[in-house]
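K.L.:
Once you've had a glance at the structure underneath, I'll fire off some questions.
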4 protein chains.
Amino acid sequence: MAISADQLAQIEAQRGESRPTRRAVSAGLEDILYQIQPVLDHGFVRVVDYLGNDSSIVQAARVSYGAGTKKAHDDEGLIRYLMRHRHTTPFEMCEIKLHVKLPIFVARQWIRHRTANVNEYSARYSILDKEFYIPSPDNLAAQSTGNAQGREQLLPPDEAESVIATFREDAATAYNHYEELLSDEGKTGLARELARMNLPANIYTQWYWKTDLHNLFRFVALRADAHAQYEIRVYAETIGQIIGQWVPLAWSAFTDYEIGGAHLSAAQLNCLRRMLDGEDVSQQDSGMSPREWREFNEILKKSSISSNSMS
Amino acid sequence: MAISADQLAQIEAQRGESRPTRRAVSAGLEDILYQIQPVLDHGFVRVVDYLGNDSSIVQAARVSYGAGTKKAHDDEGLIRYLMRHRHTTPFEMCEIKLHVKLPIFVARQWIRHRTANVNEYSARYSILDKEFYIPSPDNLAAQSTGNAQGREQLLPPDEAESVIATFREDAATAYNHYEELLSDEGKTGLARELARMNLPANIYTQWYWKTDLHNLFRFVALRADAHAQYEIRVYAETIGQIIGQWVPLAWSAFTDYEIGGAHLSAAQLNCLRRMLDGEDVSQQDSGMSPREWREFNEILKKSSISSNSMS
Amino acid sequence: MAISADQLAQIEAQRGESRPTRRAVSAGLEDILYQIQPVLDHGFVRVVDYLGNDSSIVQAARVSYGAGTKKAHDDEGLIRYLMRHRHTTPFEMCEIKLHVKLPIFVARQWIRHRTANVNEYSARYSILDKEFYIPSPDNLAAQSTGNAQGREQLLPPDEAESVIATFREDAATAYNHYEELLSDEGKTGLARELARMNLPANIYTQWYWKTDLHNLFRFVALRADAHAQYEIRVYAETIGQIIGQWVPLAWSAFTDYEIGGAHLSAAQLNCLRRMLDGEDVSQQDSGMSPREWREFNEILKKSSISSNSMS
Amino acid sequence: MAISADQLAQIEAQRGESRPTRRAVSAGLEDILYQIQPVLDHGFVRVVDYLGNDSSIVQAARVSYGAGTKKAHDDEGLIRYLMRHRHTTPFEMCEIKLHVKLPIFVARQWIRHRTANVNEYSARYSILDKEFYIPSPDNLAAQSTGNAQGREQLLPPDEAESVIATFREDAATAYNHYEELLSDEGKTGLARELARMNLPANIYTQWYWKTDLHNLFRFVALRADAHAQYEIRVYAETIGQIIGQWVPLAWSAFTDYEIGGAHLSAAQLNCLRRMLDGEDVSQQDSGMSPREWREFNEILKKSSISSNSMS
């Protein structure tokens, strides 16, 4: 991750300044404000601003004149109640602004979350840096056969080495040509908005991204899921840790109910009741397809570790 | 406006507390944070939280690592440029949370602005206070004849007095019956979610409302407009003053380009060119309908006072 | 429900016309297009237009050049897969436009669903009809003691009678005064936008409301739920029947996975595993609060009737 | 544009089928439904479905029981009034679904329009076709010096030739390596979700994209503008023509008020008034910056051709 000395100095300058505020403060986020949280080989997430804390959720739910908080125990109970019953609007009352550096193919998945504000670094206006995501060997895996949109076992070391060499060389070639296209030395030079189209999808871009806590939970639920592509999952996991520092009560309720929980269909609930009554239910008489039956058994075996893995 | 002593004490308690923060601060908003800004007879707007200031707009537009600000003059120029060219996303990078008390018929107009987060006081869960909007005589006007959705000249004093008496009496009757319906003294008592339907649209409700600066500008542009109903316009004007204290540079650009500006159609631009060439254009040869022609002349006469009236 | 002869004639005129189209057609919706589906005493839902059918979901998921459909069995399997794994975007590819007549207090809950397009009858511009929702005795219930935002046992007949009389009289008084306020016979008369504030929240309004199938499912999930207020639940149930006629495969998947399903927390899943292993788990050693434990047992007892009640 | 024989057959099969519907129909769109409208070298836009026509706008604005239409002349006047006064909600009552094939760097600009539904062809699940956007020589231009995010004069022919050669070769290399990475002949083969990151931003993707007419107008206003990048502008212009066939009255109002119109600031309106009074105003005493002054003069000179160029 090539953060320049000048950029680091700017970050440190911002961290060094402190002003009094009457607003709600999150001690956990103040600690890490502006700091680079590295993700992948050159990417990062850093919190640039935020609004609200656990008390703000309570305050909004109560439409209160003051801080909204009664006793810490009551607040926790109310937050858990709101989460359990999917009363989502109080969670929308917290907001966070992130500065994210990420490969373009990850950015293309990320942007599908529409309820957010975005300012992306413009490759029409500026020249992109020479930074590409090159996977490490332990992230180079084969196409999954069971799941058409997933990966499976790791590539053997020599094949991984060859893949990495291809990524490196093609990125270098593309970037050299990008620079040549732009250059006006001894020639006219191509406009930036055109030259950029030669660059591959693993080049890094960056943006300011701002969203509310409810939509951030949706982002984490979808993108930290085992079915999400590894390269966006690591961003979602980093954001999960950030949420844990920001609003620990809400995060704890979220990991218990959402991350560690599961949704069961009518057919699955029906099987459960039969099993609890002592019946030995098989896929054939479960009313489920083989795939649903397999998913059902995975849920039943899902250890509570999963809910802890993100905290 | 009947704010209870307990509520005022909660507000003062919040105003009395101050904590250090590394975040961007708006001195103007810190001054008025949590304070009641009265609107209508019992309503108010108060800022409960905010995120960002003028520099945040610049910072997001530049996707910068630091505060984003170079020289104050540069910042102002950039903000004016963004406003003029409708680059709206940097303005979305500021967020504000308001606590608003307002009559239900105003709330019904307000809620049509969909890009916002809302938590309203629940009349299913709680009992509404006995507070109704009763217009003052200088806001009681006749139906406009030219504009089907507007009002015109004031009612004569005796008619106004009678109207006010009607509003007062019907509100009192409705509220008394509301209390009787709820009461379980000597009887079962009706559920709150049902009893509330007896209350008229001028009863006050309240909510927490959070939105970004771009959408707040849209709210003010539509609701502080001369065609908006007076009872929501006063809320929009109060919010305009709040924006002026929050992000003075953005507010100044907004009043110059939006509030004080105007949109001209192709036909209107064409007329303008002919008039600037010295031609004497009449409605008949303008290519505009009588109504468009009248609106065109209003724009040309619109004094620059309009842009100042909100600052 | 006072639909005028003129309105019925307009509806029949529209139903009588038929034109050829190359678009996807839903036979079930064509049957009921424009027809009034009565809800409550004066309300209704009617389908005014729609876009797409079950095949459109499949077509969008496959980004196909043709109709997208292979075999009916494959389509059903794909739709169930999309629903189960919360791949929501293909469901957004169907759209419906409804004309709804509903009491204002129901409209205020309904409008909280923000991802929709709305045009409401304007009481600034027009005069509201004299139609109020008056609950029938079997919908007049007491405040729930266990659930602060709910109702419980029915009122005794004489109390119900008295409640209905109050609703009727206050509505009549308010409407008579509304007409007097507007009247310009022998006086100036008050503007419509002001007079309307005298009307209670059980007066009927109407709107055109358009949304996509995914957001319509969210509406039904929340508003047809047992915790929703009865007066909006009946609208949600009517809409559920409409969806069943529109996209039967998607509706079937939705009732199985969402309406008839349940979400379990990490703690609840953990208890389930212990119970399936033969352990006798009590609330005390469940890791759940008494309230969560009660909800857990309700889920386990939830009969599959619930999923059928809407179909 | 390499549409396969099989794809063309599917399109023709859909065009060949016709069914009766009671819904509003747009004759103009029925004519072109499903047809490929070519854009750039391999891209296209085709209308896959739609909801509503000009009458639907009128019908929604009137919240009517029937078709909403009175006389054609009245409809046109109402639509122009709604457009002029920015009553945007009736335009949201029409919806269109497009199938679009476009280069990834265009898709990245396009997706920033958030109020839309999208299903994109998945490169995690499927293998992308070997189709890249290669600009023609008359679209290869130099970086603009006056406008940091634009292009200016064309490249000289030999330089253009060299640029095209670079694009072609790098695309071919990247795609060959993409296929090699995926191949499992004699080796394991890399997962699709990883291999795709080697592909440049000018490769074509495709999606189903659905939005309402109001948001489609916003898309066209921004992306058919002279400041938009040529490669997205040609899509916006194609969509403009589609809108003209779909809702001719709304499109005519839009071109008159929006495309051919202009927004003037308070300072610009003030200058106009002085100029109409016969004053000779210069930039120095205009109260505008040199840049604003230049933009002002461009508006005054803007010929009405601009409004016609899209029709």
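The values are calculated or read from the model by the stated rules, or taken from the named source; none is laboratory data. Note that the structure is predicted; figures quoted are calculated from it, not measured. We place every Cβ from the backbone using ideal geometry, glycine too, and count neighbours over all the protein chains shown. Side chains included, ligands, DNA and RNA excluded: accessible areas come from the protein's heavy atoms. Shrake-Rupley method; radii C 1.70, N 1.55, O 1.52, S 1.80 Å.
K.L.:
Evaluate region C:44-167: find the radius of gyration of its Cα atoms, find its Kirkwood radius, and give the ratio Rg to Rh.
P.N.:
Over the Cα atoms of region C:44-167, Rg/Rh equals 1.15.
K.L.:
On to the next question. If eta is 1.306 mPa s and T is 10 °C, what Stokes-Einstein diffusion coefficient results for the protein assembly as shown, Kirkwood Rh from Cα pairs, in µm²/s?
P.N.:
48
K.L.:
Right, another one. What accessible area, in Å² to the nearest ten, does a 1.4 Å probe give for B:Thr173?
P.N.:
Its heavy atoms expose roughly 60 Å² to the probe.
K.L.:
While we're here: Tell me what chain B gives for mean residue ellipticity at 222 nm when only DSSP H runs of n ≥ 4 count, each as -39,500 (n - 2.57), the sum divided by the residue total, rounded to 500 deg cm²/dmol.
P.N.:
That comes out to -13500 deg cm²/dmol.
K.L.:
What number, in percent, do you get for the relative contact order of region B:190-311 if the mean sequence gap of Cα pairs under 8 Å and at least 6 apart is divided by its residue count?
P.N.:
On the way: 57 pairs, mean separation 27.5, N = 122.
The normalised contact order for region B:190-311 reaches 23 percent.
K.L.:
Of all the stretches in chain B, which is the longest one without any exposed loop site, taking GluC sites (Glu not before Pro) in a DSSP loop (any state but H, G, I, E, B) with at most 16 other Cβ atoms within 10 Å?
P.N.:
Excluding the exposed sites themselves, the longest stretch runs over B:18-184.
K.L.:
Hey, if we sort D:Arg80, A:Arg86 by accessible area with the 1.4 Å probe, largest down, what's the order?
P.N.:
A:Arg86, D:Arg80
K.L.:
Additional query: Other chains' Cβ within 10 Å of A:198-208 residues: what's the mean?
P.N.:
The per-residue average across the peptide is 6.
K.L.:
Still on this model: Measuring from a point 7 Å out along Cα→Cβ, what nm distances, shortest first, does C:Arg168 have to its partners in the other copies?
P.N.:
In ascending order, 3.1, 8.7, 8.8 nm.
K.L.:
Could you please point out the chain D residue with its Cβ nearest to the axis of the rotation taking chain D onto chain B, and the distance in whole angstrom?
P.N.:
Nearest Cβ to that rotation axis, in whole Å: D:His263, 2.
K.L.:
Below 11 angstrom from the Cβ of A:Leu181, what's the summed charge of the other residues (Lys, Arg +1; Asp, Glu -1)?
P.N.:
Here the count lands on -2.
K.L.:
Largest first, what is the accessible-area ranking of A:Tyr121, D:Tyr175 with a 1.4 Å probe?
P.N.:
These residues rank, largest area first, as A:Tyr121, D:Tyr175.
K.L.:
Placing +1 on the Cβ of each Lys and Arg and -1 on the Cβ of each Asp and Glu in region D:161-309, which of D:Ile259, D:Leu269, D:Ile232 has its Cα farthest towards the positive end of the resulting dipole?
P.N.:
Of the options given, the answer is D:Leu269.
K.L.:
Which whole number gives the average count of other chain Cβ atoms within 10 Å of the Cβ atoms across peptide D:87-99?
P.N.:
The per-residue average across the peptide is 5.
K.L.:
For the protein assembly as shown, give the percent of accessible area contributed by carbon and sulfur heavy atoms, probe 1.4 Å, rounded to a whole number.
P.N.:
49
K.L.:
Return a single number: how many Lys pairs in chain C, at a sequence separation of 8 or more or on separate chains, have alpha-carbon atoms below 30 angstrom apart.
P.N.:
So the count works out to 9.
K.L.:
Okay, next question. What's the average, rounded to a whole number, of partner chain beta-carbon atoms within 10 Å of each residue's beta-carbon in D:270-280?
P.N.:
Numbers: counts 5, 0, 7, 6, 0, 3, 4, 0, 1, 0, 0.
Averaged over the peptide's residues, the number is 2.
K.L.:
If you don't mind, there's one more thing I want to ask. Ranked by accessible surface with a 1.4 Å probe, highest first, in what order do C:Thr166, C:Thr211 come?
P.N.:
C:Thr166, C:Thr211
K.L.:
Starting with the highest mean, order A:266-272, A:101-107 by the number of other Cβ atoms within 10 Å, averaged over the residues of each peptide.
P.N.:
A:101-107, A:266-272
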